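Comments concern the structure below.
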Amino acid sequence: MKHQNVKNSTNGLLSLLINIFFCSSLFWALSPWLHSQEALPHFSSPAIITSAGQSAEVQLAAVIAKRAGLEATLIKMATPADLKGTKTLILVLGASLKGLGAAGLDMNQEIDRVKSLLQACQEKKIPIICLHLGGESRRGELSDKIINLFLPQANLALAVRSGNQDDLFTTICQKNNIPLILLERASEGVTYFKEIFQLK
Amino acid sequence: MNRLKTITIILSIGLLIWLGPFRLFAENQSPTDKHKPHDFRATKAMVVAAHPLAVKAGVQILRRGGNAIDAAIATAAALNAAEPFASGIGGGGFMVVYLAKEKKVTVINFRERAPAASQPTMFHLNGQLQPKWRRTHGLAVAVPGALAGWNYALQKYGTLSLGEVFKEAIKIAEEGFPVSDTFSSINKDEYEKLLEMDGEDSCYLHDGFPFEPGDIFRNPSLAKTLRLISVRGPEVFYKGEIAQKIVQAVQEKGGIMTMEDLSSYQPLETKPLRSTYKDFEIWTIPPPGSGGLHIIQLLSIFENLPLKEWGYLSPHYIHYFTEALRFLFADRARYLGDPEFVKVPVAKLISKKYARSIIEKIKPEKVATTYLSNELFYRDLNSDEVENTTHLCVVDEQGNIVSLTQSINHFFGSGIVPEGTGFLLNNHMDDFSRDPKSPNAPGSRRHPLSSMGPLILFHQGEPFLVLGSPGGTRIFSSLTQIILNIIEFGLGLDEAIEAPRFFSYSVNGQARPLYVEKRIPAPVLDQLRQWGHQISLRETYDKYFGGAQGILILPRGQGLRGGADSRRDGTGGGY
């Protein structure tokens, strides 16, 4: 009889442990999905699309905006003077030596330009959306410098998941309380642009 | 028993869910370090090229009894399908061929030519240079030579027809393949050009966006074009309906190419350039390819310097190499052009005496103030961020060898795709000088100067090393570094290819920065800075410095070793 009681209590404990384990597993597995269901902030147009680092992905952002029906102007080297009438700044992160060379800039000049632009956005209360669309291949010392410098100032970030394998975007966004949308591929940005800019 | 079963199932499901994130994490890790030096091995025959499917195409031909020339053209055509952004029938190139039975080396020049209406100021408007016209415009397109060159090589030295060697390329284009990180990143880099020149419907875009790694890239239009050429021969490309599509596409974008330009195109077979480095013999291409000439110049310079004493990647080695390059760039702007139209003093430039005169100009621990050639220089050269071209090497069972470099110039060329053809047209007119007075100024039917330098190195009369690389003006610098890494510093072939690279040049007599892969040790760079070099750090493995491929032929039939550059998707195969 005693033996039976011990057996019953052992089974009960085992069941409890299994239940805890199972529930926490479910929570763990579903947490990314739950996170994605959080309401996204909304933004207004017209927007300016500019680059931080002169990578070619700035053109991708322009096509995403066009397909989403967003009123946006692409100015690869936008300055504070370009912000007149702008309601949102879309900043495309990613350094390209090729792009910088073509623009006749070095990294320091580019960083100075973007710093002054973001400073002006802050003064004019223009929200900033940071995009990183180049994935894994647009990571590296120079790009990471740009990401670390400018991503913390974003109001929303969209990044292609393969560029976040080391959780750089997740870490910076969590630390600065920035909503982060991870995309499987850049073209998914069209759907999110429609949502955040409330376009049909 | 049933209870135990249930517990086991529940635990297994839980474990799977728990481990999910870790499993995903593990899958996202690179399986191996692709930069770790790795020599491919074969005993009889080998192909190295910039894409595994192209290597497979070449090896298949060799296994079926084709010779090195057959395999080289099969590989070159397969690269058009598998690495379309770097070369193809819309471009041109050079090949060095070694025929083992005759112990003969020959060169086939299938470099593009300028359209007949070209003239020195064609890229100027109201006296102002229009840089865009040289690169992303109909005027940027030179008359393609690749197909004519491949066909010439096959007819004269091969055993198979175009149709037979195109089979694998057609299959690759039709069935497709997963896009690599390299393809995807280049596709993104050139996205703006593709959008502008070919539109969102371009076959080189995925629903209007760049291809992501792992996407399947298919090109049925290219398969159709290659099949048409297989059936009707190169005439359909140079005189028939494909020619009409090329001319229409070029003219719609402001170009001047005509049907006559295409129908008159002929490849050239020329004598190779030959020189020595210690007890090695080098055979390579003559102008209008400049890479071979500059490799010979650099090797002749280093023949007189104590490289082993200085050591591998030592400050003195890098300093002398860099300064030598800057003086050679002055020569390049002063003398080099298409030898059919301008006198190029090749014998003088590759002489040992001339090499010694360059050494005399180099100050041991100080950067020169000017780099002049005979007190003359031309405004020239845009040795900028352009990354391009492709190289392949083949050795067959009989010992025949092909070293072939081909290109459409910049990645994705001009971005122009003749309607429905699936191939990209080159922008090699950008290889002409910007200076209308230069010996390399654009002119009617001229070949633009090329930096290519496919080569075969011989030791004691036997082939020793087959080598070549893409990389624009970095080609001859990179290839010389690889040769010295092997011969002087004792590195293995792929070790020599993967080794850190550096490059510099001069413009208008003034030094440009010393570009280095950041793996070069910091104390070495500090020393170079003290000697006056402005250092510009590049990526750890930067395709700016090219993507070399090589085959080392071991003596006494001990086999073959292949080296393929991890800066791109290079690989090798054989049996």
Residues with amide H under 5 Å of A:VAL92's amide H, sequence separation 5 or more or different chain, H placed in the peptide plane at 1.01 Å from N; which? A:THR50, A:SER51, A:ALA52, A:LEU131
Arrange the residues B:ASP207, A:ASP167, B:ASP431 by how much accessible surface each exposes, largest first, with a 1.4 angstrom probe. B:ASP207, A:ASP167, B:ASP431
Run the quick spin-label model on A:ASP167 and A:ASP112: label points 7 Å from Cα toward the beta carbon, then report their separation in nm to one decimal. 3.8
At what distance in angstrom do the alpha carbon centres of segment B:95-150 and segment B:80-94 lie from each other? 13
Are there DSSP H segments in chain B that both extend 24 Å or more along their axis (alpha-carbon positions) and score a mean Kyte-Doolittle hydropathy of at least 0.0? List them, or say none. B:2-28
Which FRET efficiency value, to the nearest 0.05, do you get for A:THR73 and B:LYS171 by plugging their Cβ-Cβ distance into 1/(1 + (r/R0)^6) with R0 = 35 Å? 0.20
Would you tell me the mean number of C-beta atoms belonging to other protein chains that fall within 10 Å of each C-beta in A:48-59, as a whole number? 2
Amide H proximity to B:ARG538 below 5 Å, modelled H, separation 5+ or other chain, gives B:VAL516, B:GLU517, B:LYS518
Mean separation of Cα contacts under 8 Å (6+ apart) over length of segment B:287-436, as relative contact order %: 20
The local net charge around B:ILE282, scoring Lys/Arg +1 and Asp/Glu -1 for residues other than B:ILE282 whose Cβ lies under 12 Å from its Cβ, equals -1
Give the calculated FRET efficiency between B:ASN508 and A:GLN198 to the nearest 0.05, with a Förster radius of 45 Å applied to their Cβ-Cβ distance. 0.25
DSSP beta bridge pairing in the protein assembly as shown, given as percent antiparallel to the nearest 5: 75
Note down the relative contact order for chain B as a percent, whole number, built from C-alpha pairs under 8 angstrom at least six residues apart. 24
Can you give me the long-range amide H partners of B:LEU491? Hydrogens built in the peptide plane at 1.01 Å from N, cutoff under 5 Å, separation of 5 or more residues or another chain. B:ILE486
Looking at chain B from every direction and averaging, what is the projected area of its Cα convex hull in nm²? 29.8
Which net charge results for the neighbourhood of B:ALA57, defined as the other residues with beta-carbon distances under 10 angstrom from its beta-carbon, given Lys and Arg at +1 and Asp and Glu at -1? +2
Per-residue ³J(HN,Hα) for segment B:397-409, Karplus 6.51 cos²θ - 1.76 cosθ + 1.60, θ = phi - 60°, Hz, x for Gly and Pro: 5, 7, x, 5, 9, 10, 10, 10, 10, 9, 7, 10, 6
Compare the peptides B:86-92, B:559-565 by average per-residue count of other Cβ atoms within 10 angstrom and give them in order, highest first. B:86-92, B:559-565
FRET efficiency for B:SER351 and B:LEU228 from the Cβ-Cβ distance with R0 = 56 Å, rounded to 0.05, comes out at 0.70
So how much accessible area does A:GLU136 have, in Å² to the nearest 10, using a 1.4 Å probe? 90
Need one value: the accessible area of A:PHE197 in square angstrom, 1.4 angstrom probe, rounded to the nearest 10. 20
Where does segment B:458-575 land on Rg/Rh, using Cα atoms and the Kirkwood Rh? 1.03
Calc'd 3J(HN,Hα), segment B:116-128, phi into Karplus 6.51 cos²θ - 1.76 cosθ + 1.60 (θ = phi - 60°), Hz, glycine/Pro = x, comes to 4, 7, 5, 8, x, 9, 5, 9, 10, 10, 6, x, 9
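The values are calculated or read from the model by the stated rules, or taken from the named source; none is laboratory data. Predicted model, so just to flag it, every value in this text is computed and none were measured. All Cβ positions, even for glycine, are placed from backbone atoms using ideal geometry, and neighbour counts span all protein chains on display. The area values use the complete protein model at the heavy-atom level, side chains included, leaving out ligands, DNA and RNA. Shrake-Rupley method; radii C 1.70, N 1.55, O 1.52, S 1.80 Å.
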